[in-house]
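Data block below; observations after.
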Amino acid sequence: MRVVVTGASGNVGTALLRALSADSAEHEVVGICRRPPPDVDPYRGVEWVGTDLSYPFSGEVLERAFAGADAVVHLAWLIQPSYNQPLLHRTNQGGTRRVIDAAVAQGVPHLVYQSSIGVYAPAEQGQVVTESWPHTGVPTSSYSVDKAATEAMLDELDAPGTTVTRVRPGLILQPDAASEIARYFMGPLVPTRLLRPALLRLVPFPPGVNLQFVHADDVADALVRMLHQRAEGAFNLAAEPALDRSTWAAAFGGVGPPLPIGAARAAGKLSWQTRLQPVEPGWVNLAAGAPIMDTTRARTELGWTPQHAADDVVREFVTALAQRRGTLSPALVPRSKDRGSTL
């Protein structure tokens, strides 16, 4: 099976390469990213193609790379710099458009698109939804707007010979992505070396918010199952338990004083506007309106069961933050070696 993976050097891409390399005789992998990684595991043995999906000419590069592919897995996505919204839209919406067009032009039989819980319309607090919940996004979140727009492209796709799979995971963490995620969501002022799992009991978790996590290796396992089964449609992916104030306290031995969501919005907006941290305030609105995803379809149709509990994923990730973990991929380079060029 010839599989082309966009964003192959990132968080989920790295995990997917590990999973595919477990049976390297069965998979021929082409990796597409802006900055190809060195020839070390798990990036070794991959045919690398360097291109930037924000540029129109990348469409021609994609068409050449997709020739003869059995499947394309589109993982590439830009989160930062959040202050440059036109660049994010050109990369995320424009890049996805180019991926879709190239896949159709080359007659690729299977297109797997990594969407997100962020594609869903707001729900009532604690509401559990299946994949049929409206995927129109949260209009005050740039990330959500892009996810909804790209899924709308798939809604309009008229390619009878192409099976389309949509992957809708919760927050994806793994130790190897600790430095990358710290750069994206914490910025240089957060002393990550001081973080410890014991501090999780002090987090001022906002009331009414539910967070769902999943380990990158579990997402990769689901992706491999989708490829082998040529599964069609949307699949929610998340580990148990969904974390709210009560389950957070049970998992980590306590929880901090409740931070009102309005205060979180105000603090997020002010700190972003003053560039104290890199997360645009729409992420707070996204967290406040996110539903709880029902993962029954992935479990029953794919035979998928996450091997990492959500609280273990968070605990392991915080430890990795303190260790400034990463890989030799330019996207995941350890924070101690980073000079700030990725933001």
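Residues checked against (1) open to solvent by 10 Å² or more (accessible area, probe 1.4 Å); (2) touching a residue at least 40 places away in the same chain (Cβ under 8 Å); (3) more than 30 Å from R2 (Cα to Cα):
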{"residue": "A152", "(1), (2), (3)": "yes, no, no"}
{"residue": "D158", "(1), (2), (3)": "yes, no, no"}
{"residue": "G161", "(1), (2), (3)": "yes, yes, no"}
{"residue": "Y184", "(1), (2), (3)": "yes, yes, yes"}
{"residue": "D217", "(1), (2), (3)": "yes, yes, no"}
{"residue": "A220", "(1), (2), (3)": "no, yes, no"}
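Among the residues making up region 79-113, those that are in contact with a strand residue (DSSP E or B) (Cβ under 6 Å, 6 or more places away or on another chain) and in a helix (DSSP H, G or I) are V99, A103.
If you go through region 193-209 and keep only what is in contact with a Gly (Cβ under 6 Å, 6 or more places away or on another chain) and open to solvent by less than 100 Å² (accessible area, probe 1.4 Å), you end up with V203, P204. Taken over region 274-331, the criterion of being within 30 Å of E232 (Cβ to Cβ) and without any contact (Cβ under 8 Å) to a residue 24 or more places away in the chain is satisfied by R299, T300, T305.
Residues in region 101-137 that are free of Cβ contacts under 8 Å to residues at least 40 places away in the same chain and among the polar types (S, T, N, Q): S132, T136. Taken over region 269-309, the residue count meeting the criterion of being in a loop (DSSP other than H, G, I, E, B), among the charged types (D, E, K, R) and open to solvent by 50 Å² or more (accessible area, probe 1.4 Å) is 1. Kindly establish whether A239 is in contact with an Asp or Glu (Cβ under 8 Å, 6 or more places away or on another chain), open to solvent by less than 40 Å² (accessible area, probe 1.4 Å) and not in a helix (DSSP H, G or I). Here the answer is yes, as A239 does meet what is asked. The condition of being of a type outside the set (V, I, T), open to solvent by less than 40 Å² (accessible area, probe 1.4 Å) and part of a helix (DSSP H, G or I) holds for only one of A320, A263, that being A320.
A count restricted to region 17-45 and to residues that are touching an Asp or Glu at 6+ places or on another chain (Cβ under 9 Å), open to solvent by less than 80 Å² (accessible area, probe 1.4 Å) and farther than 30 Å from P86 by Cα stands at 7. Note on region 52-78: residues that are assigned to a helix (DSSP H, G or I), open to solvent by 50 Å² or more (accessible area, probe 1.4 Å) and closer than 23 Å to L16 by Cα total 2. Kindly establish whether S246 is open to solvent by less than 60 Å² (accessible area, probe 1.4 Å) and of a type outside the set (K, R). No; evaluated as a whole, the condition is false for this residue.
The values are calculated or read from the model by the stated rules, or taken from the named source; none is laboratory data. Please read these numbers as outputs of a predicted model, since none were measured by experiment. Positions of Cβ are generated from backbone atoms using ideal geometry, with glycine treated the same way; all protein chains shown enter the neighbour counts. The area values use the complete protein model at the heavy-atom level, side chains included, leaving out ligands, DNA and RNA. Shrake-Rupley method; radii C 1.70, N 1.55, O 1.52, S 1.80 Å.
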